[in-house]
Amino acid sequence: IRSACKYSGTASNPGPSSLSIGSGLILDTSGRILTTARVVENANEYWVETFDERIFPAEMLGASGDIAVLQIEATGLVPARFGDVADLDVGSFVAAVGNSYGFACGLAWGEVNGFRPDGTLQLSLGVSAGSSGGAIVDTRGRVVGLIKAKISEPYYLDAPSAPGGAGAPFISRRLELPTSSVSLAIPIGTALRLAQNVSATGVGAPDLRA
């Protein structure tokens, strides 16, 4: 999903624009696309690129809570298969599929850490910029969550280093070290229920037993 915010200008000079890239899921064959609200926030133009590299302009149907729903006019769409977080346990293996730094087929493996009090899934799983709105998939290939955010707290190490030259004193240089990634995901059942509230016609929630 690509969303853009175009700032005011004139016909001859339309003004600057900013572009952001995120991920999403095909809800149904009618062209409804599920993503997170942060992917489309503050934007006024939207495009959806499907797995077969077709690009469609999209209309914002609305947002509810942490999710948003877009609409595209397209044929031959294959909806995602949905599962249920009730089938997951702490330690269950899952995969994240999303638009990782513009690479549409980015895939990462990890496991379920647990369930937060608000129902959010916490995962030992690294996701990157552009993955928000992407799928958390169980080992049966069913979508069980929607990527919401990444939590990463850098660890700093003060390492001594010499600037060079005989007798030069050592100085301290701060290094930022990577840490294990923790990600958060919206349970797919919650996301689908929110999607149903987005428009007056409603977004049909697929059978979670599929």
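Highest mean packing first, where packing is the average number of other Cβ atoms within 10 Å per residue, the peptides 24-32, 114-122 line up as 24-32, 114-122. For the range 59-66, 3J(HN,Hα) computed residue by residue from phi via the Karplus equation (6.51, -1.76, 1.60; θ = phi - 60°) reads 10, 7, 7, x, 9, 8, x, 8 Hz, glycine and proline entered as x. Taking θ as phi - 60° and the Karplus parameters 6.51, -1.76 and 1.60, the scalar couplings of the range 139-147 work out to 6, 9, x, 9, 6, 10, x, 10, 4 Hz in sequence order, x denoting glycine and proline. Extension gain for the segment PHE51 to LEU107, taken as residue separation times 0.36 nm less the Cα-Cα distance, is 18.8 nm to one decimal.
Each value in this text was obtained by applying a stated rule to the coordinates, not by laboratory testing. For clarity, every value in this text was computed on a predicted model and none was experimentally measured. Cβ coordinates were reconstructed from backbone atoms using ideal geometry, including for glycine residues, and neighbour counts include every protein chain displayed.
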